[in-house]
Amino acid sequence: MNIKELGEFGFIESIKNKFSDITLNNIEGIGDDCAIIEIDKETSFVVSTDMLIENIHFIREKITPYKLGRKSLAVNLSDIAAMGAEPFATLLSIALPKDIEKSWCEEFLNGYHSLSKEHTVMLIGGDTTASISDIAINVTVIGKAQNKNIRRRNCAKTGDLIAVTNYLGDSATGLNLILNNIKTDGYDQQYLIEQHNNPSPKIAQGKWLASQKGVHAMMDISDGIASDLMHICTSSNMSAEVYLENIPQSDSLINVCKKHNWSATNMSLCSGEDYCLLLTIDGDFPGDIIDKYREVFKTDLFIIGKITPSVGDKSTIKYIDKNGDSVDINNGFRHF
Ligand code: ADP
Ligand code: MG
């Protein structure tokens, strides 16, 4: 069997199983957006790592080094936001081909520095090596949270409402413009490409949401909700209903998808890199959280569905269109 047949999540599951005989007290390992290392009864460190590989995650000619520097950090900070934690330190490892320009490296670091400064995150180490031809970037990020505020994927309950903090699919549509070499001088195109190249981690939103008792499960969306909501469902042993009419989409996404005959639904549900938050809210008192969120962040929390009980131990997601009919949706992004 090759790795494609095993699948990305099958491979991760096999790693988890192999190492399940080595555990330590007060550490939660593989399975959530971050590992959790308890410091004491009140507080924990949370830790996560993510890689960006040239020609898998980015095309060198299609993103400025400044924005790549920001994005390398942003995608990692997003996992800290998903836990309801606050980041304070990162490690940056980078493999560079020998012919890379000094100015490229400086601009990459300027970008990484600018987002570090915005979130007061200290760069505490890393590693530097040569590569044969492609750039590889790995960032590790460490955050801190109050134990009572840490939010996990496995805490969704029957009757919870499912919410997202932002429009879905802008980044995927931006990527489609980039990959198809489509002229990008219009507002819509530039907005979508910016969402793809320069995502903003939702640290303040994650921290605030995690301080609300009614917020149960939370994660960030990196692979599209078809995949990521399934993570919440399987780890909580729940299922879900998603109402397609409620999926928040930007006007830019709708205009561009219409123009190129792309499926806006596919962009919003099945493709990755939104880096916004996906959460479930206690169905008994959601109004309070939704209203307060709007007051604090001046934008809506979008309610896209609800958590339902699983039949047996199999989690399923039912996508329902405006006529109440079930619609088939592809899986989200998988590396293998
Ligand atoms: P995310 O999209 O939030 O970064 P992933 O889907 O990449 O999360 O990973 C899911 C879980 O599997 C995380 O807890 C992550 O730490 C763990 N994981 C992924 N790859 C590996 C690996 N090679 N070794 C150990 N754990 C891994
Ligand atoms: Mg994540």
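Could you please tell me which pairs satisfy a Cβ distance under 7 Å, a separation of 6+ or placement on different chains, a first residue in segment 204-223 that is in a helix (DSSP H, G or I), and a second residue that is away from ligand 2 (no atom under 15 Å from the Cβ)?
That search, which allows pairs on different chains as well, returns 205/297; 207/86; 208/296; 209/215; 210/149.
So is residue 254 closer than 29 Å to residue 48 by Cβ and part of a helix (DSSP H, G or I) or not?
no
If I go through segment 198-239 residue by residue, how many of them are among the aliphatic types (A, V, I, L, M), open to solvent by 10 Å² or more (accessible area, probe 1.4 Å) and more than 16 Å from ligand 1 (Cβ to nearest atom)?
2
Could you please find all residues in segment 44-69 being open to solvent by less than 30 Å² (accessible area, probe 1.4 Å) and away from ligand 1 (no atom under 14 Å from the Cβ)?
Result: 44, 54, 58, 63, 65, 68, 69.
In the list 132, 124, which residue meets the criterion of being hydrophobic (A, V, I, L, M, F, W, C) and over 28 Å from residue 59 (Cβ atoms)?
124
Give segment 224-251 a look and list any residue that's of a type in the set (Val, Ile, Thr) and part of a helix (DSSP H, G or I), or say none.
Within segment 224-251, 225, 232, 234 qualify.
Between a first residue in segment 77-98 that is free of Cβ contacts under 8 Å to residues at least 60 places away in the same chain and more than 12 Å from residue 141 (Cα to Cα) and a second residue that is within 16 Å of ligand 1 (Cβ to nearest atom) and not hydroxyl-bearing (Ser, Thr, Tyr), which pairs have beta carbons less than 9 Å apart while being 6 or more apart in sequence or on different chains?
If the second residue must be within 16 Å of ligand 1 (Cβ to nearest atom) and not hydroxyl-bearing (Ser, Thr, Tyr), the pairs left are 94/136; 94/137; 94/138; 95/136; 95/137; 95/138; 96/136.
Pick out the one residue from 75, 47 that is at negative phi, within 16 Å of ligand 2 (Cβ to nearest atom) and not in a helix (DSSP H, G or I).
47
Look through 178, 142, 137 and report the one residue that is of a type in the set (A, V, I, L, M, F, W, C), in a helix (DSSP H, G or I) and more than 30 Å from residue 305 (Cα to Cα).
178
More than 23 Å from residue 198 (Cα to Cα), more than 17 Å from the chain's Cα centre (by Cα) and surrounded by 18 or more Cβ atoms within 10 Å (Cβ to Cβ): does that describe residue 293?
yes
So, in segment 257-285, of the ones that are of a type outside the set (Asp, Glu) and over 23 Å from the mean Cα position of the chain (by Cα), which residue ends up most open to solvent (accessible area, probe 1.4 Å)?
It comes out as 258.
Which of the residues belonging to segment 1-28 are touching a helix residue (DSSP H, G or I) at 6+ places or on another chain (Cβ under 8 Å) and either under 20 Å from residue 155 (Cα atoms) or open to solvent by 60 Å² or more (accessible area, probe 1.4 Å) (or both)?
Residues satisfying the conditions are 3, 6, 11.
Does segment 165-177 include one or more residues that are touching a His at 6+ places or on another chain (Cβ under 7 Å), open to solvent by 20 Å² or more (accessible area, probe 1.4 Å) and farther than 16 Å from residue 281 by Cα?
Yes.
The values are calculated or read from the model by the stated rules, or taken from the named source; none is laboratory data. On a predicted model such as this, the values are computed, not experimentally measured, just so you know. Glycine gets a Cβ as well: all are built from the backbone with ideal geometry, and neighbour counts include every protein chain shown. Remember, those area values only see protein heavy atoms, side chains included, never the ligands or the DNA or RNA. Shrake-Rupley method; radii C 1.70, N 1.55, O 1.52, S 1.80 Å.
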